[in-house]
1. With respect to R196, is the statement that it is open to solvent by 50 Å² or more (accessible area, probe 1.4 Å) and not aromatic (F, W, Y) true?
2. Which residues, counting only those in region 1-15, are in a loop (DSSP other than H, G, I, E, B), in contact (Cβ under 8 Å) with a residue 40 or more places away in the chain and open to solvent by less than 50 Å² (accessible area, probe 1.4 Å)?
3. Just to be sure I understand the filter: pairs with C-beta atoms under 8 Å, separated by 6 or more residues or on different chains, first member in region 240-257 and open to solvent by 40 Å² or more (accessible area, probe 1.4 Å), second member charged (D, E, K, R) and assigned to a loop (DSSP other than H, G, I, E, B). Which pairs pass?
4. Within region 16-42, restricting attention to residues that are more than 21 Å from D52 (Cβ to Cβ), assigned to a loop (DSSP other than H, G, I, E, B) and of a type in the set (A, V, I, L, M, F, W, C), which residue is least open to solvent (accessible area, probe 1.4 Å)?
5. Among the residues of region 52-77, how many are modelled with pLDDT of 95 or more and hydrophobic (A, V, I, L, M, F, W, C)?
Amino acid sequence: MSDLSAEAIQRALPAQVVGRAVEYYPQLGSTNDLLRQRARAGQPEGLLIVADEQVAGRGRLGRGWVAPPGSSLLLSLLLRPGWLAPADAFAITMLAGVALCEAIEQAVPLRAALKWPNDLLLPVGGAQHKAAGVLSEIELRDGAIDWVVLGMGVNVNWAPRGVVDGRDLGVLATSVGAALGRPADRLALLRALLSRLDARYLALRQGQRAALFADWRARLATLGQPVQVRLPRGELSGVAEDVEPTGALRVRDAAGALHVVLAGDVGG
């Protein structure tokens with residue numbers, strides 16, 4: 001039996017927006033796909049969809065996201081931040097990354113960081129490895145944000161192995177349990193995450209955009225490091241100097257030229 005259920009997730013949840021309604025499924029194709037359907041049908045913000053297993057999960061750049069049943073947190077959250085300008089929509093991704101780091105540190109004694117733009121990094125064996133990712137999908141109506149589907153996948157109690165989309169997961173990925181050295185409580189971690197998402201969302205709604213950006217920037221382990229950014233037009237090598245309030249990454253190449261990267265896959 002799973003340790004997750006809609007009733008267990010919502011029980012005494014102190015959130016005002018996040019988790020107003022919860023749907024739990026033992027298996028789904030993709031939580032994001034189902035939540036997009038709910039969003040287009042007019043579902044109010046705050047709906048959370050959680051799955052114990054996804055058979056068609058997706059990460060950034062169209063990559064697959066795989067996890068054995070019961071091993072991870074696989075969830076999508078519906079938000080309707082019509083008060084946020086479309087040009088500032090990346091703030092929702094910042095919010096997710098910061099809230100995820102805060103939830104990890106609240107639920108287990110681990111220091112969390114982020115790889116630009118939204119990968120959770122946890123320390124294992126003297127290095128930092130990816131343990132979670134965020135996939136935000138947005139739809140506009142009449143030039144304003146109609147809805148955002150915020151998808152998150154967290155490796156909780158399994159050590160990813162094998163090659164997926166050309167990446168050796170045994171080298172790149174980890175889990176909360178692996179970093180902790182013992183199994184982690186999925187429900188406790190999920191409830192901490194929902195609480196931090198709610199608090200960060202309410203703060204952003206109240207106008208605390210600059211504070212969110214500062215907190216996100218402070219979490220970025222990418223800054224000051226040599227990076228290789230895979231872009232549609234090729235690969236860019238240089239040093240990650242800083243980020244802009246829009247979320248763009250500033251990379252200085254060996255010739256001294258500054259590049260502003262809006263989206264791409266960063267490797268060290």
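1. Answer is yes for this residue.
2. Within region 1-15, S2, L4, L13, A15 qualify.
3. Once the first residue is open to solvent by 40 Å² or more (accessible area, probe 1.4 Å) and sits in region 240-257, its partners that are charged (D, E, K, R) and assigned to a loop (DSSP other than H, G, I, E, B) give R250/E244.
4. V17
5. Of the residues in that region, 4 qualify.
Yes/no matrix, rows are residues, columns are (1) within 29 Å of E241 (Cβ to Cβ); (2) open to solvent by less than 50 Å² (accessible area, probe 1.4 Å); (3) under 17 Å from the mean Cα position of the chain (by Cα); (4) at pLDDT 95 or above:
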site: V98; (1), (2), (3), (4): yes, yes, yes, yes
site: W116; (1), (2), (3), (4): yes, yes, yes, no
site: A127; (1), (2), (3), (4): yes, yes, no, no
site: N157; (1), (2), (3), (4): no, no, no, no
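The values are calculated or read from the model by the stated rules, or taken from the named source; none is laboratory data. Please read these numbers as outputs of a predicted model, since none were measured by experiment. Cβ coordinates were reconstructed from backbone atoms using ideal geometry, including for glycine residues, and neighbour counts include every protein chain displayed. Surface accessibility is based on the protein's heavy atoms, side chains included, excluding ligands, DNA and RNA. Shrake-Rupley method; radii C 1.70, N 1.55, O 1.52, S 1.80 Å.
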